[in-house]
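Trainee: One structure coming up, written as structure tokens, with questions to follow.
The values are calculated or read from the model by the stated rules, or taken from the named source; none is laboratory data. Quantities reported herein were computed from a predicted structural model and do not represent experimental measurements. Please note: Cβ atoms are built from the backbone with ideal geometry, for glycine as well, and neighbour counts cover all protein chains shown. Accessible surface areas use protein heavy atoms only, side chains included; no ligands, DNA or RNA. Shrake-Rupley method; radii C 1.70, N 1.55, O 1.52, S 1.80 Å.
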Amino acid sequence: MSFFSERANLLKPSATLSLNRKAKEMRASGLDIVNLTVGEPDFDTPDEIKEFAIKTIKDGFTKYTEEKGIKELREAICEKLEKENGLKYEPEEIVVSNGAKHSLFNIFLSILNPGDEVIIPVPYWVSYPAMVSLCGGIPVFCKFNDKFKIDTNDIKTKITKKTKALILNTPSNPTGIVYEKKEIEEIADIVISNKILCVSDEVYEKIIFDKEHISIASLSEEIKNLTVVVNGVSKTFAMTGWRIGYIASKREIADVVAKIQGQSTSAPSSISQKAAYFAIKEGDRLFENMIAEFKKRRDFLIKNLSSKIKYPYPEGAFYMFLNFNDINSNLLSKRLLEEKLVATVPGEDFGVDNYIRISYATNMENLKKAVERINEFVKENL
Ligand SMILES: Cc1ncc(COP(=O)(O)O)c(C=O)c1O
């Protein structure tokens, strides 16, 4: 008899993890591996945020907090959403959790009954289908168009009576694409006319180049009422380890999410919440240098990667999604690692077999080495 639940067995081993393991082993054996798999900024959390957290500990702010998160943080989030995204929320409509990942998990736990469907646009962040399945739902994949954005004709054919929600992620992991206002409007129309929810994952909103991020919830009161905005401090402020994310939604959803959170983790760490409060209050000045550096790296890659490699034009996040003459992604990632010592993530984990994801959350020196080696591979094989 297996001790494990059917739920646990739903999760497939990931190709990314086994490649990461292999890359680590190769590095440990002394090989000069360039790692382009990283999903977090390579910058440290700004010192001022750390100092505020240290002061918080010294002040003794070390106890459980309200389930939804401390009021001053929720107020700061409301101010940010109003000022930067044109969204008016009350603090009671905000729930702070242990990272945006946990926020997403809480939402799916709150809205899904067994067999309910969630539309997930391909290519997707690996965790979406896993989370939906763990919460009893069924991931329904939606095709992409020639710009690697949601094929709206395909969504229409995928919506059924069981559809509860659609996930939108802009800027996107794994492609780095950013949706235009017109495209978001089209998606909003579909959400409204089918009365489903839009789970809008905006964690990369600040890592965006030459463009403005638009939150789907800002388009009208009608779509705002059907949207759960998901965001956090991990990517924007280089705070992945602090584990603070949040949702903004109408009160009835926020209350259910808080009820579930209250019985699972109670609330996120009091110290991390204070640190996130400081980061959000201070805003742009804490991360502008980092964004400028990401842009420089993105421009370097676009300029220097072999023109035989195809990719959707990256306008945000810190990823590029590359196609090498349709070579299968598992094989390509394996060969790049073994033959050129460059670690990448196969697209299979994002729902696309013939693309690989690279991350430029690494320094210029590594990127120069990576480009040289990748271009050499292209010369030898394409
Ligand atoms: C698209 C997307 N959403 C959410 C997250 C989760 O972020 P957090 O660190 O806040 O849990 C990630 C992290 O990689 C991500 O890529």
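Trainee: What tally of residues in region 285-312 results from selecting those that are surrounded by 13 or more Cβ atoms within 10 Å (Cβ to Cβ) and part of a loop (DSSP other than H, G, I, E, B)?
Mentor: 7
Trainee: Anything in region 195-214 that is within 16 Å of the ligand (Cβ to nearest atom) and in contact with a strand residue (DSSP E or B) (Cβ under 6 Å, 6 or more places away or on another chain)? List them, or say none.
Mentor: Cys198, Val199, Ser200, Asp201, Glu202, Val203, Tyr204, Ile207, Ile208
Trainee: Can we say Tyr313 is in contact (Cβ under 8 Å) with a residue 60 or more places away in the chain and within 16 Å of the ligand (Cβ to nearest atom)? Outline the logic, then answer.
Mentor: Values: in contact (Cβ under 8 Å) with a residue 60 or more places away in the chain: yes; within 16 Å of the ligand (Cβ to nearest atom): no.
So Tyr313 does not fit the description; no.
Trainee: Please go through (1) in contact with a His (Cβ under 9 Å, 6 or more places away or on another chain); (2) closer than 28 Å to Thr163 by Cβ for Glu84 and return the number of the only condition it doesn't satisfy.
Mentor: Status for Glu84: all satisfied but (2).
Trainee: Could you run through region 90-104 and say how many residues are more than 14 Å from Asp255 (Cβ to Cβ), open to solvent by 10 Å² or more (accessible area, probe 1.4 Å) and part of a helix (DSSP H, G or I)?
Mentor: 3
Trainee: OK, next. Do we have any residue at all in region 56-70 that's over 28 Å from Val228 (Cβ atoms), surrounded by 19 or more Cβ atoms within 10 Å (Cβ to Cβ) and not assigned by TED's automatic domain parsing to the domain that holds Glu252?
Mentor: Checked region 56-70: at least one residue is over 28 Å from Val228 (Cβ atoms), surrounded by 19 or more Cβ atoms within 10 Å (Cβ to Cβ) and not assigned by TED's automatic domain parsing to the domain that holds Glu252.
Trainee: What's the total number of residues in region 357-367 that are within 17 Å of the chain's Cα centre (by Cα) and of a type outside the set (D, E, K, R)?
Mentor: 4
Trainee: Residues to consider are Thr240, Thr236; find the one that is open to solvent by 20 Å² or more (accessible area, probe 1.4 Å) and within 13 Å of the ligand (Cβ to nearest atom). It would help to see each step written out before you state the result.
Mentor: Details: Thr236 fails: open to solvent by 20 Å² or more (accessible area, probe 1.4 Å).
Answer to the check: Thr240.
Trainee: Okay, next question. Just to be sure before I move on: is Pro346 in contact with an Asp or Glu (Cβ under 9 Å, 6 or more places away or on another chain) and open to solvent by less than 60 Å² (accessible area, probe 1.4 Å) in the structure I sent?
Mentor: So Pro346 fits the description; yes.
Trainee: Still on this structure: Taking region 8-63 as the search range and keeping residues that are within 16 Å of the ligand (Cβ to nearest atom), part of a helix (DSSP H, G or I) and more than 19 Å from Ser270 (Cβ to Cβ), which one is modelled with the highest pLDDT?
Mentor: The selected residue is Asn20.
Trainee: Conditions first: (1) open to solvent by less than 30 Å² (accessible area, probe 1.4 Å); (2) within 16 Å of the ligand (Cβ to nearest atom). Ala254 passes all but one, so which condition is the exception?
Mentor: The one condition Ala254 does not meet is (2).
Trainee: Let me ask something else about it. In region 123-141, what count of residues is obtained for those that are assigned to a loop (DSSP other than H, G, I, E, B) and open to solvent by 20 Å² or more (accessible area, probe 1.4 Å)?
Mentor: Of the residues in region 123-141, 4 are assigned to a loop (DSSP other than H, G, I, E, B) and open to solvent by 20 Å² or more (accessible area, probe 1.4 Å).
Trainee: Going residue by residue through region 347-357, is there one that turns out to be under 27 Å from Leu11 (Cα atoms) and part of a strand (DSSP E or B)?
Mentor: Yes: region 347-357 contains one or more residues that are under 27 Å from Leu11 (Cα atoms) and part of a strand (DSSP E or B).
Trainee: Considering each of Leu109, Leu81, Leu87 in turn, give the residue that is assigned to a helix (DSSP H, G or I) and surrounded by fewer than 21 Cβ atoms within 10 Å (Cβ to Cβ).
Mentor: Within the list Leu109, Leu81, Leu87, the selection yields Leu109.
Trainee: Quick one: would you say Glu338 is open to solvent by 10 Å² or more (accessible area, probe 1.4 Å), without any contact (Cβ under 8 Å) to a residue 12 or more places away in the chain and under 17 Å from Lys22 (Cα atoms)?
Mentor: When the stated conditions are applied, Glu338 passes them.
Trainee: Could you please let me know if Ile177 is open to solvent by less than 50 Å² (accessible area, probe 1.4 Å), within 16 Å of the ligand (Cβ to nearest atom) and hydrophobic (A, V, I, L, M, F, W, C)?
Mentor: When the stated conditions are applied, Ile177 passes them.
Trainee: Can you pull out every residue in region 343-382 that is of a type in the set (Gly, Ala, Ser) and under 16 Å from Ala23 (Cβ atoms)?
Mentor: Of everything in region 343-382, those that are of a type in the set (Gly, Ala, Ser) and under 16 Å from Ala23 (Cβ atoms) turn out to be Ala343, Ser359, Ala361, Ala370.
Trainee: Report yes if Val132 is in the same structural domain as Gln273 (by TED's automatic domain parsing) and within 16 Å of the ligand (Cβ to nearest atom), otherwise no.
Mentor: Here the answer is yes, as Val132 does meet what is asked.
Trainee: For region 305-341, how many residues meet the condition of being over 23 Å from Ser172 (Cα atoms) and in contact with a Ser or Thr (Cβ under 9 Å, 6 or more places away or on another chain)?
Mentor: 2
Trainee: What residue, among those in region 314-326 that are touching a Lys or Arg at 6+ places or on another chain (Cβ under 8 Å) and open to solvent by 20 Å² or more (accessible area, probe 1.4 Å), is nearest to Leu19 (Cα to Cα)?
Mentor: If we take residues in region 314-326 being touching a Lys or Arg at 6+ places or on another chain (Cβ under 8 Å) and open to solvent by 20 Å² or more (accessible area, probe 1.4 Å), then Asn325 is nearest to Leu19 (Cα to Cα).
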